[in-house]
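To keep things clear, I will list the structure first and then write my remarks on it.
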Amino acid sequence: MYDEQQRPEQHGPLAGFTVGVTAARRADELGALLQRRGAAVLHAPALRIVQLADDSELLAATKQVIDDVPDVVVATTAIGFRGWIEAADGWGLGEDLLQRLRGVEVLARGPKVKGAIRAAGLTEDWSPSSESMAEVLDRLLEEGVDGRRIAVQLHGEPLPGFVEALRAGGAEVLGVPVYRWMPPEDIGPVDRLLDATVSRGLDALTFTSAPAAASLLTRAEERGLLPELLAALNHDVLPACVGPVTALPLQARGVDTVQPERFRLGPLVQLLCQELPARARTLPIAGHRVEIRGHAVLVDGALRPVPPAGMSLLRALSRRPGWVVARAELLRALPGAGRDEHAVETAMARLRTALGAPKLIQTVVKRGYRLALDPAADAKYADV
């Protein structure tokens, strides 16, 4: 029997799980955090950030801010605000711009933007704890915007209703375009990420920006995979977002997401460390404690990588633990196996070898295979 006190092999809390990363920025940092905790990572940037090909719009907006100082400046992203200051420096207008901004009410959408503002030697007047543009809009409308001049640093995606609501309230709004989100130049990795999600080759899919989520949904729609993607995210693949703003495109499609309390990469990874092991199936089999993860199995706490075909068989057996599953049914569970039941025997032999405990799976002559569920657990799973 498994001794709860025995020390298992050392592995991270995400060992045996595969996590998709859609981030364009800070993807290496997020990937490293996940890998240090044992996860396999599949990265495909769902978009790219490009500087405006023609920066005449940004130059014109910067000169307008300098010549006709606004009452309020809304900074929406750290990278965008930094890019604006750097561009102004390049034109020899950096100090003039900063001098004007020192006497202006500056609103920051969130903590990262606050950091960029302070790094420029400025101080923000207010920032919402939610990092929500809706909360920024509510504050401005409560203050009253009639007759006020408001500059908004745009962040590559439309701000639905934000500018329109300000103008409807009587404000003069100046957009400051710094960069735009564009689809990735190489769409291949995104398509592979979509295929892996739809085929349940991922255990979780992470999002760190709303444009990335919207871009992935758009690409799925272009390929005719949107229903399959939504089904996977609603049932088998955990969608994890860094915060509520990032989750909006998914929520608009009816997808529930998980989010950390603090909208940062570290808490996002910690959330996955809690959620994914909690979703894994754990069974008492042949005197062992067996935990079935995405591409590996923990047998008495020891990590056992399992080939994809073997995982397909194991999942099919675990749906009815202790019950005999016919070879024909197991054959249907094997991806691309065709009609030869010999493929089941080959995959089963490899599965048993990978598990390192052959007695976990019993052969029932002329009928099929079953997990050797411990007798004490039979009643619990009798009606599964």
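The values are calculated or read from the model by the stated rules, or taken from the named source; none is laboratory data. Because the structure is a prediction, the values reported are computed rather than measured. Ideal geometry is used to build each Cβ from the backbone, glycine not excepted, and the neighbour counts take in all protein chains shown. The protein model used for the area step is the full one, side chains on, heavy atoms only, and it has no ligands, DNA or RNA in it. Shrake-Rupley method; radii C 1.70, N 1.55, O 1.52, S 1.80 Å.
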Of the criteria (1) over 21 Å from Ala204 (Cα atoms); (2) open to solvent by 40 Å² or more (accessible area, probe 1.4 Å); (3) in contact with a strand residue (DSSP E or B) (Cβ under 7 Å, 6 or more places away or on another chain); (4) of a type in the set (A, V, I, L, M, F, W, C), which one Val365 fails
(3)
Would you be able to say whether some residue in the stretch 46-53 is without any contact (Cβ under 8 Å) to a residue 40 or more places away in the chain and surrounded by 17 or more Cβ atoms within 10 Å (Cβ to Cβ)?
no
Any residue in the stretch 245-260 that is of a type outside the set (A, V, I, L, M), under 24 Å from Gly16 (Cβ atoms), open to solvent by less than 10 Å² (accessible area, probe 1.4 Å) and modelled with pLDDT of 95 or more?
no
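A quick yes/no check of all residues on (1) in a strand (DSSP E or B); (2) over 26 Å from Leu205 (Cα atoms); (3) out of contact with any strand residue (DSSP E or B) (no Cβ under 7 Å at 6 or more places or on another chain):
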{"site": "Leu268", "(1), (2), (3)": "no, no, no"}
{"site": "Cys273", "(1), (2), (3)": "no, no, yes"}
{"site": "Leu276", "(1), (2), (3)": "no, no, no"}
{"site": "Arg289", "(1), (2), (3)": "yes, yes, no"}
{"site": "Gly294", "(1), (2), (3)": "no, no, no"}
{"site": "Arg304", "(1), (2), (3)": "yes, no, no"}
{"site": "Gly310", "(1), (2), (3)": "no, no, yes"}
Applying the selection to the stretch 126-153, what residues are over 23 Å from Val178 (Cα atoms) and either open to solvent by 40 Å² or more (accessible area, probe 1.4 Å) or over 33 Å from the mean Cα position of the chain (by Cα) (or both)?
Ser129, Asp138, Arg139, Leu141, Glu142, Glu143, Gly144, Val145, Asp146, Gly147
So, in the stretch 315-344, of the ones that are in contact with a strand residue (DSSP E or B) (Cβ under 9 Å, 6 or more places away or on another chain) and over 22 Å from Thr282 (Cα atoms), which residue ends up surrounded by the most Cβ atoms within 10 Å (Cβ to Cβ)?
Val344
Matching residues in the stretch 282-302 - criterion: being in contact with an Asp or Glu (Cβ under 7 Å, 6 or more places away or on another chain) and open to solvent by 50 Å² or more (accessible area, probe 1.4 Å)
Thr282, His288, Arg289
Can Leu30 be described as at pLDDT below 95 and not basic (Lys, Arg)?
yes
So, of the residues in the stretch 338-373 that are in contact (Cβ under 8 Å) with a residue 12 or more places away in the chain and part of a loop (DSSP other than H, G, I, E, B), which turns out to be nearest to the chain's Cα centre (by Cα)?
Gly356
